[in-house]
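Take a look at the structure below.
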Amino acid sequence: MPADQTDDLPNCRLFLLPPLGLDADRIAACVAAAAKAGDVACLVLPSDKEVIAKVMQMAQEDGIAVLIADDARAAAYAKADGVHVTTSRQDAEAARKSLSQKASIGLLASGSRHAAMEVGEGSIDYIAFDLSSPAGRDLLEWWTPLFEVPAVGLNSPDEDSCIDAMEAGADFVMPPAAMWDSPETAGDIAARLTKAGRRNPS
């Protein structure tokens, strides 16, 4: 998307998704550091009771929406803000039915443009694209100028790839996995990507 078009979009915000198996204390520390240094909009947690108990309330108190990965029941029980679905459109629709209409439901897109369009026609709040593959990057670049459903760029291998997604019009980007190395690294990366994602002076 040309720069003059992205200038008209809201700032691109950060979408945190820790790697599976990461210690709850490390997640909490890195999320806190990222939230202090940057503009974190959303955090996806696994349906792990220890992780949810340690991290969710802290993140929500920082104004971060917390979603549970692929488990609407766990999201409802924990009073999370919604569900991040990685499986199918049908599972996203089932999550919508089982949670309140205020819940945020997002879905990871896969496959063709047609499949992405079918996802966008459902009652989802965002569509996510896997930027670790050329196909995912192509879908993001195609999607953002044409559709109103917000786009999330996931799994960028490095900060430059995150910035490329921002320039393509992504509404949210997931920082690279290096942000989970330490709280200091998380804060540094969050600050840099937040600055890169500013499209409006306010």
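Run through every distinct alpha carbon pair of the stretch 88-202 and return the Kirkwood hydrodynamic radius in angstroms, one decimal place.
Values: mean 1/r = 0.0669 Å⁻¹.
Final number for the Kirkwood radius of the stretch 88-202 is 14.9 Å.
Using a probe of 1.4 Å, the accessible surface attributed to Phe172 totals some 50 Å² when neighbouring protein chains are kept in position. Dipole check for the stretch 2-102: with +1 at the C-beta of Lys and Arg, -1 at the C-beta of Asp and Glu, and the Cα centre as origin, the magnitude is about 400 Debye. Computed about the Cα centre, the dipole magnitude for the chain is approximately 580 debye when only Lys and Arg (+1) and Asp and Glu (-1) carry charge, each at its Cβ. Per-atom-type breakdown for the chain gives carbon and sulfur 49% of the accessible area (1.4 Å probe, protein chains only). How many angstrom lie between the C-alpha centres of the stretch 144-169 and the stretch 52-80? Between the Cα centres of the stretch 144-169 and the stretch 52-80 lies a distance of 24 Å. Rounded to the nearest 500, what is the 222 nm mean residue ellipticity of the chain from helices alone, with -39500 (n - 2.57) per DSSP H run of 4+ residues and division by all residues? Helix contribution divided over all residues of the chain: -13000 deg cm²/dmol.
Orientation-averaged projection of the stretch 33-85 equals 3.3 nm² [convex hull of Cα atoms, one quarter of hull surface area].
How much accessible area per residue does the stretch 130-202 have, in Å², with a 1.4 Å probe?
Accessible area per residue, the stretch 130-202: 48 Å².
P(r) tail for the stretch 52-121, what percent of Cα pairs lie past 15 Å? Result: 52 percent of Cα pairs exceed 15 Å.
Principal axis extents of the Cα atoms in the chain, from largest to smallest and rounded to whole angstrom, are 43, 39, 31. Our coupling estimate for the stretch 73-88, obtained by passing each phi through the Karplus curve with A = 6.51, B = -1.76, C = 1.60 and θ = phi - 60°, is 5, 5, 4, 5, 5, 7, 6, 6, 8, x, 9, 9, 9, 10, 9, 8 Hz, Gly and Pro reported as x.
The values are calculated or read from the model by the stated rules, or taken from the named source; none is laboratory data. From a predicted model like this one, the values you see are computed outputs, not experimental measurements. Neighbour counts are summed over all protein chains in view; Cβ atoms, including those assigned to glycine, are modelled from backbone coordinates with ideal geometry. Quick note on the areas: whole protein, heavy atoms, side chains included, nothing else; ligands and nucleic acids left out. Shrake-Rupley method; radii C 1.70, N 1.55, O 1.52, S 1.80 Å.
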